[in-house]
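Please read the structure below before turning to the comments.
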Amino acid sequence: MDQLPAIAVLGGSGELGSALARRWAQAGYPVIIGSRTADRAIEAAALIGQQVRGAENVEAARAAEVIVVAVPYSNHAQILEAIKPTASGKIVVDVVVPLVPPKVSVVQLPDGGSAALEAKAILGANVKVVSAFHNVGAAKLHAGGKVDCDILVFGDDKTARDLVIALAEAAGMRGIDGGVLANSVAAEALTSVLIGINRRYKVNGAGIRITGIPLQAPN
């Protein structure tokens, strides 16, 4: 890829979204922070620097080639419906986990099967939905440097999966091709398991590592 694609991070004022946005900006990607209001997005972008800019969610999505959705599950469907007209023909990276407070350490999958499958149902066939970044803690990303965590990447289009694997590597992690979008249910469910592990072992950022395969991305 000669020119790095512009990335809109919707929910980029939040902990995970801002951490990913910072890492991609440091890697040279053009980044647009999206938030519910332009003022909030501009403020979050200024904290990152690196020529990151901010815009309201729909405007950020319109300006980007890759749209990353990093919002709370309670806002997931609403945000997707709002960006649907601007997402056609693009890659949408869904990092949302269907956590249901207060029992966030208990797996509670949605009626649609997974957040990723719900995203695909809302956005339609003209959007390449990829699911990733569920099992890495924001604190690890904000700490800087390489992250001791693998990123499982799911999607029905291999080219789109490969692009997101490259994004994981640009952010200091190893991307692992997890196959089709339906498999995202495993990573989304695992997030609740990891939250429980964090609490029981009193750690901040339990993650996953896939063993027995080469370091490079699969063919």
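The values are calculated or read from the model by the stated rules, or taken from the named source; none is laboratory data. Note that this is a predicted model, so its numbers are computed, not measured. A quick note on method: Cβ atoms are made from the backbone with ideal geometry, for glycine too, and the neighbour counts reach across all protein chains shown.
Observations on the model:
- Scope segment 49-74; condition of a type outside the set (A, V, I, L, M, F, W, C), within 25 Å of residue 185 (Cβ to Cβ) and touching a residue at least 24 places away in the same chain (Cβ under 8 Å); matching residues: 72, 73
- With respect to being under 24 Å from residue 48 (Cβ atoms) and either assigned to a helix (DSSP H, G or I) or in contact with a Phe, Trp or Tyr (Cβ under 7 Å, 6 or more places away or on another chain) (or both), residue 166 fits the description.
- A single entry from 119, 138, 182 fulfils the requirement of being more than 27 Å from residue 27 (Cα to Cα), within 13 Å of the chain's Cα centre (by Cα) and not acidic (Asp, Glu): 119.
- Filter pass, residue 154 being among the aromatic types (Phe, Trp, Tyr) and out of contact with any Ser or Thr (no Cβ under 6 Å at 6 or more places or on another chain): no
- Single residue of 45, 41, 8 found to be among the aliphatic types (A, V, I, L, M), outside any helix (DSSP H, G or I) and either over 17 Å from the mean Cα position of the chain (by Cα) or farther than 19 Å from residue 143 by Cα (or both): 8
- Residues in segment 112-143 that are of a type in the set (Gly, Ala, Ser) and in a helix (DSSP H, G or I) were compared, and the one that is surrounded by the most Cβ atoms within 10 Å (Cβ to Cβ) is 116.
- Tabulated pairs, segment 1-20, first on the phi < 0 side of the Ramachandran plot and crowded, with 24+ Cβ neighbours inside 10 Å, second in a helix (DSSP H, G or I) and at pLDDT below 95, C-beta under 6 angstrom, 6+ apart or interchain: 16/138; 19/138; 19/141; 19/142
- Taken over segment 55-103, residues that are surrounded by fewer than 16 Cβ atoms within 10 Å (Cβ to Cβ), modelled with pLDDT of 95 or more and either touching a His at 6+ places or on another chain (Cβ under 7 Å) or β-branched (Val, Ile, Thr) (or both) amount to 0.
- Residue list for segment 23-43, filter: buried (at least 17 other Cβ atoms within 10 Å of the Cβ), under 25 Å from residue 3 (Cα atoms) and of a type in the set (Gly, Ala, Ser): 25, 34, 41
- Against the conditions (1) modelled with pLDDT of 95 or more; (2) over 26 Å from residue 143 (Cβ atoms), residue 2 satisfies every one except (1).
- Among residues of segment 166-218 being closer than 20 Å to residue 117 by Cα and of a type in the set (D, E, K, R), the one that is surrounded by the fewest Cβ atoms within 10 Å (Cβ to Cβ) is 177.
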